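This report refers to the structure that appears directly beneath it.
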Amino acid sequence: MSKLLLICGGLVFVGMGLVHGLVSGADVLRPTQFTPVDDSVRLGMKSTTVRFLKARATVWDAWLGFNLSHSLGMLVFGAAAVWFGLNLERVPVSSAALAAPVVIGLLYLLLAVRFWFWAPAVSSAIATACFVAAWWGY
């Protein structure tokens with residue numbers, strides 16, 4: 001059962017990463033989803049940089065890059081959980097190792113509740129519940 005739960009939780013994160021990446025990628029060409037409602041804010045983001053290490057990237061480019069790298073992180077994390085689940089019988093796994101997806105899932109859940117919106121919060125909660133159940137039943 002732990003195997004199936006790891007795969008299910010991982011697939012939720014893979015799905016979130018794919019959707020977020022596709023939407024973020026589309027915004028590179030035609031900003032429509034993760035762009036401010038007030039277009040003057042986006043134009044302001046495009047015309048300024050951040051102070052951090054005298055960055056050359058505009059705030060808008062940094063925003064797009066953050067969203068794309070965030071997508072990649074969710075995708076890789078989800079794929080790792082799926083791989084873990086598919087290979088659970090072949091790879092020596094400790095109960096402590098199964099705590100890693102739980103901790104990472106909880107971190108995504110906390111971020112979603114504090115900074116994002118309901119869809120990633122609900123999705124992260126479902127995936128993390130799968131990880132907790134997989135860990136508990138291992």
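Bear in mind these aren't lab numbers, they're just calculated from the coordinates by the rules spelled out. The structure presented is a predicted model; accordingly, all values stated were derived computationally and were not measured. Note: ideal-geometry Cβ built from the backbone for every residue, glycine included; neighbour counts use all protein chains shown.
Side notes on the structure shown:
- Restricting the range 24-44 to residues that are touching a residue at least 12 places away in the same chain (Cβ under 8 Å) and within 27 Å of F77 (Cα to Cα), the residue that is surrounded by the most Cβ atoms within 10 Å (Cβ to Cβ): S24
Results for (1) in a helix (DSSP H, G or I); (2) of a type in the set (D, E, K, R), shown as yes or no for each residue.
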| residue | (1), (2) |
| --- | --- |
| L18 | yes, no |
| G21 | yes, no |
| S24 | yes, no |
| V28 | yes, no |
| F34 | no, no |
| V37 | no, no |
| S40 | yes, no |
| L43 | yes, no |
| R56 | no, yes |
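- Test: residue in the range 72-90 that is in a helix (DSSP H, G or I), over 15 Å from L11 (Cα atoms) and either in contact with a Lys or Arg (Cβ under 6 Å, 6 or more places away or on another chain) or not charged (D, E, K, R) (or both): no
- Residues of the range 45-69 classified as surrounded by 13 or more Cβ atoms within 10 Å (Cβ to Cβ) and either closer than 22 Å to W116 by Cβ or hydrophobic (A, V, I, L, M, F, W, C) (or both), total: 11
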